[in-house]
1. Which length gain, in nm to one decimal place, applies between Ala329 and Asp120 when the Cα-Cα distance is subtracted from 0.36 nm times their residue separation?
2. What's the magnitude of the charge dipole for region 239-376 around its Cα centre, counting Lys and Arg as +1 and Asp and Glu as -1 at the beta-carbon? Answer in Debye, nearest 20.
3. Please compute one quarter of the surface area of the Cα convex hull for region 239-376 and express it in square nanometres.
4. What full-extension length gain, to one decimal in nm, is calculated for Arg347 and Tyr273 as 0.36 nm per residue of separation minus the Cα-Cα distance?
5. Hey, what do the phi angles of region 105-121 turn into as Karplus ³J(HN,Hα) couplings, whole Hz, using 6.51/-1.76/1.60 and θ = phi - 60°, x for Gly and Pro?
6. How far apart, in nm, are two points set 7 Å out from the Cα along the Cα-to-Cβ line at Glu297 and at Lys244?
7. Given the Cα-Cα distance of Asp187 and Asp340 and 0.36 nm per residue of separation, how much length would full extension add, in nm?
8. How do Phe315, Phe139 rank when sorted from fewest to most other Cβ atoms within 10 Å of their own Cβ?
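Every read-out reported here was derived from the displayed coordinates using simple, explicitly stated rules and does not represent laboratory data. Note that the coordinates shown come from a computational prediction; the quantities given were computed from them, not determined experimentally. Glycine also receives a Cβ, built like all others from the backbone with ideal geometry; neighbour counts cover every protein chain displayed.
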Amino acid sequence: MDFIRIRIAAAERPNTRRRTAALLVLAVAVASSAAQTAAPSSGNDPKVAAAISEIGTYAAKAGENQEAVEDVFMRAQFAIHRLARAGVPAVAPMEAVLADPNSDWKLKAMMCEALGRINDAGSASALAKVANDAGQHEFVRAAAGHALAAMGRSDFDAVVEDIVSNPAVPASVRARTMMAAGATGFDDVDWLKRAAEGDGLGLPDDPAAKISQELGGIMLNAQRALGASRNPKALDAIIELQGKYPTNGIYTEILARKKDPRSIPVLLKVLTYKNPNGFTSDAMMLAADALGAMRAEVAVAPLIDVVKNDPNELFVGRAALALAAIGDARAIDPIQNVVDHLRTDSRFKPAIFEQERAGWGTAFELKKSLSKLKSK
């Protein structure tokens with residue numbers, strides 16, 4: 001809810017705040033009417049009626065005073081929290097507010113989050129309608145998609161996939177829905193894998209436009225979702241995709257975090273990948289870190305090659321630290337050369353001596369590793 005409030009504050013312009021109170025009153029009137037006509041199992045719950053009434057009371061008091069309007073939203077937030085705690089009986093009144101085209105979009109966004117907290121089939125259906133409704137404010141649709149996916153309900157996986165895959169849905173809505181689905185450990189690895197490559201997302205054929213939408217988060221969030229998936233098949237999918245896209249640091253970061261020995265061959269491919277433009281990718285540095293953390297002895301030779309020949313000094317330092325972590329005697333001379341360079345190069349010398357005195361930093365860690373290696 002705090003995230004919703006922050007986004008609302010950022011999106012709201014000062015000249016729209018004066019209309020807030022009137023819009024809230026109208027929204028509450030619609031919701032109150034729905035509560036009176038709904039079945040006893042939903043809208044007639046006294047806690048729900050009290051919360052709806054409180055929102056209306058504070059909205060009516062707001063008037064035209066800007067500070068009062070801000071107070072309305074703070075108090076409206078508390079009332080909506082109570083609606084969420086009321087559970088299923090609050091779904092119908094909130095759905096009535098969401099369905100009313102005249103209801104304030106900021107109130108709707110907060111209610112979407114509350115419906116997500118209720119987390120039952122009825123609230124999920126209500127959120128799915130809002131996310132797919134072209135007549136809703138884009139921010140409300142994004143809040144609905146995010147809340148729906150964040151429920152983590154397997155019975156609504158297909159609905160979430162449809163929202164993300166639908167090119168008619170705004171990219172921001174699809175991206176936030178995908179982000180929330182990933183955070184729940186989405187199980188459908190086959191679909192995630194396709195989405196990670198942009199397949200079935202209705203992305204344009206033009207490469208520039210596709211990259212633009214990718215940066216909007218749809219594909220990137222699908223790639224991250226693979227790393228969070230509960231499905232054991234996800235690791236195989238990530239390894240395969242990393243092999244196809246050796247400069248993709250998202251996959252490398254996931255593999256580094258998982259530390260599964262099955263990923264060592266593809267991490268070696270990333271480490272030794274020759275970028276056509278000569279650029280050292282983040283993925284290459286992450287691969288060095290991961291191979292060191294897994295103490296992959298098969299990586300010693302290629303890491304030594306990096307230390308001896310790569311012009312990127314940051315990459316050289318990361319490779320040297322990886323060699324130190326592996327602890328192979330073949331790395332003694334290459335690591336010593338890195339330490340000597342750091343301690344004599346005028347660009348690094350002052351900082352290196354300060355780090356050594358403080359007991360931290362690249363040179364300090366490498367010197368410790370050298371002592372251990374030489375004592376073996």
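1. That pair, Ala329 and Asp120, stretches by 69.3 nm at full extension.
2. Roughly 320 debye for region 239-376.
3. 8.5
4. 23.8 nm is the gain from fully extending Arg347 to Tyr273.
5. Karplus values, whole Hz, x for Gly and Pro: 5, 5, 5, 4, 4, 5, 5, 4, 4, 5, 4, x, 5, 5, 6, 10, 4.
6. 3.5
7. Additional length available on full extension: 50.1 nm.
8. If I rank by nearby Cβ atoms, fewest first, I get Phe315, Phe139.
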